[in-house]
1. Going by what's in this entry, would ILE87 be described as assigned to a helix (DSSP H, G or I), of a type in the set (A, V, I, L, M, F, W, C) and surrounded by 19 or more Cβ atoms within 10 Å (Cβ to Cβ)?
2. Within the range 90-124, how many residues turn out to be among the hydroxyl-bearing types (Ser, Thr, Tyr), touching a residue at least 40 places away in the same chain (Cβ under 8 Å) and open to solvent by 30 Å² or more (accessible area, probe 1.4 Å)?
3. Of everything in the range 8-34 that's within 28 Å of ASP130 (Cβ to Cβ) and away from the ligand (no atom under 12 Å from the Cβ), which residue is surrounded by the fewest Cβ atoms within 10 Å (Cβ to Cβ)?
4. Which pairs have Cβ atoms under 6 Å, sit 6 or more apart or on different chains, and link a residue in the range 15-35 that is in contact (Cβ under 8 Å) with a residue 60 or more places away in the chain to one that is within 10 Å of the ligand (Cβ to nearest atom) and open to solvent by less than 50 Å² (accessible area, probe 1.4 Å)?
5. For the range 42-52, give me the residue count where each residue is surrounded by 17 or more Cβ atoms within 10 Å (Cβ to Cβ) and more than 10 Å from the ligand (Cβ to nearest atom).
Amino acid sequence: MGDFNYTNEPLNQSSDRYRTCKNAKNYDCKHKNFMARDRRSLFCTKKCADTFHNYKKVKIASSKLNGKEGNMKILQSLTCSTNSITINHHILESYGFDFEKYDQKVNVSSTNIGLLFENYILQRSLNDKDEVIIIKT
Ligand SMILES: [Zn+2]
């Protein structure tokens with residue numbers, strides 16, 4: 001309960017519960033149009049709401065910066081309430097993150113190499129090759 005805001009009924013554009021997800025333009029929205037379970041819903045899922053709010057937060061933080069400084073702002077905004085998060089690399093790039101601006105490569109395990117950005121390590125998720133894990137050290 002709470003993670004999904006859509007129902008399984010067929011889409012009906014004349015219903016007052018027909019919605020276009022506010023995060024629909026984003027790469028990872030899977031239910032761009034949906035029938036809302038609750039009339040207040042603006043997003044198809046909690047994940048879409050989180051992505052959208054992170055995006056706004058990060059965009060504002062990094063809009064006037066670029067390259068390395070912009071990268072650091074993005075990493076700081078994403079980890080302000082947690083020490084590590086998993087995020088799709090397309091989303092990270094849409095924030096303006098530049099993967100080429102790392103300080104050095106680090107061995108995170110015998111089979112996985114990470115990229116060091118000051119006090120952050122980015123490593124590829126072993127479960128999903130599109131996801132990266134950001135760890136604040
Ligand atoms: Zn969505």
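1. Taking the combined requirement at face value, the residue does not satisfy it.
2. The number of residues fulfilling the criteria is 1.
3. Let us first name the residues in the range 8-34 that are within 28 Å of ASP130 (Cβ to Cβ), namely 8, 11, 19-34.
Filter once more, keeping what is away from the ligand (no atom under 12 Å from the Cβ): 8, 11.
Details: ASN8: 8, LEU11: 12.
Ranking the qualifying residues of the range 8-34, first place goes to ASN8.
4. Between residues of the range 15-35 that are in contact (Cβ under 8 Å) with a residue 60 or more places away in the chain and residues that are within 10 Å of the ligand (Cβ to nearest atom) and open to solvent by less than 50 Å² (accessible area, probe 1.4 Å), the close pairs are ASN26/THR51.
5. Residues that pass the stated criteria total 0.
The values are calculated or read from the model by the stated rules, or taken from the named source; none is laboratory data. Since this is a predicted model, take the numbers as computed values, not measurements. FYI the Cβ positions are ideal-geometry reconstructions off the backbone, even for glycines, and counts take in every protein chain you see. Remember, those area values only see protein heavy atoms, side chains included, never the ligands or the DNA or RNA. Shrake-Rupley method; radii C 1.70, N 1.55, O 1.52, S 1.80 Å.
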